[in-house]
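Read the structure below first, then the notes.
What follows draws every value from the coordinates through simple rules; no lab data is involved. Since this is a predicted model, take the numbers as computed values, not measurements. Here the Cβ positions follow ideal geometry from the backbone for every residue, glycine too, while neighbour counts run over all protein chains shown.
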């Protein structure tokens, strides 16, 4: 959020309807904004790493990432498994 007044207004509103402190709300808001600012490339790289760390193999990972991308807020074109691989490995 670039507008300081809008951010302060949102923080005050959330502070009034939750039991969180302004500092806690600020952290949550910053995390949420960072999450939604993630590009397609950043999302694919992050999810590939997370899924690989959980023990999944690429044969499972790339179709899963493709499916998850359809539910994300960014307007990403449908990508083939080959295109997903290129985003990770170049």
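Total residues in region 17-35 satisfying the condition of being surrounded by 13 or more Cβ atoms within 10 Å (Cβ to Cβ), over 30 Å from residue 69 (Cβ atoms) and touching a helix residue (DSSP H, G or I) at 6+ places or on another chain (Cβ under 8 Å): the figure is 1.
Restricting 79, 14 to those that are in contact with a helix residue (DSSP H, G or I) (Cβ under 7 Å, 6 or more places away or on another chain) and in a loop (DSSP other than H, G, I, E, B) reduces the list to 79. Taking every residue in region 18-33 that is in contact (Cβ under 8 Å) with a residue 12 or more places away in the chain and pairing it with any residue that is part of a helix (DSSP H, G or I) and surrounded by 12 or more Cβ atoms within 10 Å (Cβ to Cβ), at least 6 positions away or on another chain, the pairs with Cβ-Cβ distances below 6 Å are 25/11; 25/14; 25/15.
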